[in-house]
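Dropping the structure in here first, questions after.
The values are calculated or read from the model by the stated rules, or taken from the named source; none is laboratory data. Bear in mind that the values here come from a model prediction, so they are computed numbers and not experimental data. Heads up, the Cβs are rebuilt from the backbone with ideal geometry, glycines too, and the neighbour counts pull from every protein chain shown.
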Amino acid sequence: MVKEKTIAVSKKTVNRDLLIPYGVPYFAYVGIASLTQDRLPVEVGYLLKIIIVPLLLYWAWKWYVPVTGPKKPWVSVVYGVVFGILGLAIWCLLMAPFIAVSGEPWGNTGFFLRLFSAALIVPVFEELFIRGYILRVALQWDINRQNHKIDSPLNETLDHDRLDDVNPGAWSIMAIGISTIAFAAGHLPVEWLAAVAYSILISILWVIRKDLLSCMVAHGTTNLALGGYVYFTGQWGFW
């Protein structure tokens with residue numbers, strides 16, 4: 001009985017099965033945005049995101065890798081804030097050539113709902129999916145493809161490898177590249193250059209601090225600071 005239970009748990013934690021818990025909050029957020037755009041007021045769309053996505057995160061949390069790592073969490077928070085502010089500068093600098101900086105102003109209700117979502121919800125599910133799942137799976141695939149004894153590196157990665165076998169902070173150029181492409185794909189074309197640079201920056205933070213906490217704090221800091229910047233300068237094109 002114990003042996004059967006151990007096998008069952010092991011099967012539940014292979015990478016292929018974990019795609020659903022890691023991916024559902026991300027795709028739910030994107031799906032709500034697509035379904036409500038031009039159909040419902042923007043405020044309603046963000047209210048749905050704020051209600052539904054945290055519930056999905058709560059449901060899936062038991063499957064996630066630890067957010068903290070081997071280093072002190074409070075130091076990771078400090079690193080996250082510093083990298084977040086640096087990320088804001090990189091984002092604005094690389095995005096500015098592709099947009100009308102003045103843009104169209106948002107109403108207060110829609111703006112603050114989006115700010116809440118961008119600062120507190122998006123960093124959690126996006127970092128879990130991009131660097132918690134995709135980067136780790138890409139790293140394991142990269143290692144497996146270099147092992148000529150493995151016939152199908154992708155199947156080996158999805159059906160036999162587990163996320164918790166990846167050491168915190170582990171990386172390869174291929175893994176960072178794949179996770180960066182995935183991160184950029186979730187943004188508008190005018191944001192791609194900025195998104196690529198930003199994802200690389202956060203991946204560097206992952207390597208330095210060896211945890212997702214610093215990445216989430218950095219992501220949240222950037223989004224919060226960006227919201228404050230556009231609100232007080234009127235440069236709504238960045239929003």
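Tell me which residues, restricted to region 125-160, are of a type in the set (A, V, I, L, M) and over 30 Å from residue 31 (Cα atoms).
The answer is 143, 150.
What is the one condition in (1) closer than 23 Å to residue 232 by Cα; (2) at pLDDT 95 or above; (3) surrounded by 13 or more Cβ atoms within 10 Å (Cβ to Cβ); (4) of a type outside the set (D, E, K, R) that residue 103 does not satisfy?
(2)
In addition: Restricting attention to region 156-163, does a residue exist that is within 26 Å of residue 120 (Cα to Cα) and either in contact with a Cys (Cβ under 8 Å, 6 or more places away or on another chain) or modelled with pLDDT of 95 or more (or both)?
yes
Residue 141 versus (1) among the aromatic types (Phe, Trp, Tyr); (2) assigned to a helix (DSSP H, G or I); (3) under 30 Å from residue 224 (Cα atoms): which is the lone unmet condition?
Answer for residue 141: the failing condition is (3).
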